[in-house]
Amino acid sequence: MLITLTTLTLALSMLLISRAIRDEVVYLLVILISQFCLFLSLVYAPWLIKLLILVAIIVMPVRTPTLWSLPRSLFL
């Protein structure tokens, strides 16, 4: 369980750090490492943590683009 929480913490912190990075190569490397850590944490996580993550994903609101928010030039 310690490995799971460590990799999950590492993945989330790297995702937050990646928002401040301007260099494209470093940004890509940080994103890839964070996604790998997130995958490892999900593989080795106990079922309760997987269930909590699933509930968080389901409860989060999704922003979908609406037809009315598109520019008018697309319709002309």
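The values are calculated or read from the model by the stated rules, or taken from the named source; none is laboratory data. As the structure is a prediction and not an experimental result, all values here were calculated from the model. Here Cβ is always computed from backbone atoms with ideal geometry, including for glycine, and neighbour counts include all displayed protein chains.
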Restricting to segment 1-19, count the residues that are more than 15 Å from the chain's Cα centre (by Cα) and not polar (S, T, N, Q).
4
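For every residue, the table says whether it meets (1) loosely packed, with under 14 Cβ neighbours inside 10 Å; (2) of a type in the set (D, E, K, R).
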residue: Ser18; (1), (2): no, no
residue: Glu24; (1), (2): yes, yes
residue: Val30; (1), (2): no, no
residue: Val43; (1), (2): yes, no
residue: Ile49; (1), (2): no, no
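Conditions tested, residue by residue: (1) part of a helix (DSSP H, G or I); (2) of a type outside the set (A, V, I, L, M, F, W, C); (3) at pLDDT below 85.
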site	(1), (2), (3)
Leu8	yes, no, yes
Tyr27	yes, yes, no
Leu32	yes, no, no
Gln35	yes, yes, no
Val43	yes, no, no
Leu48	yes, no, no
Val55	yes, no, no
Arg63	no, yes, yes
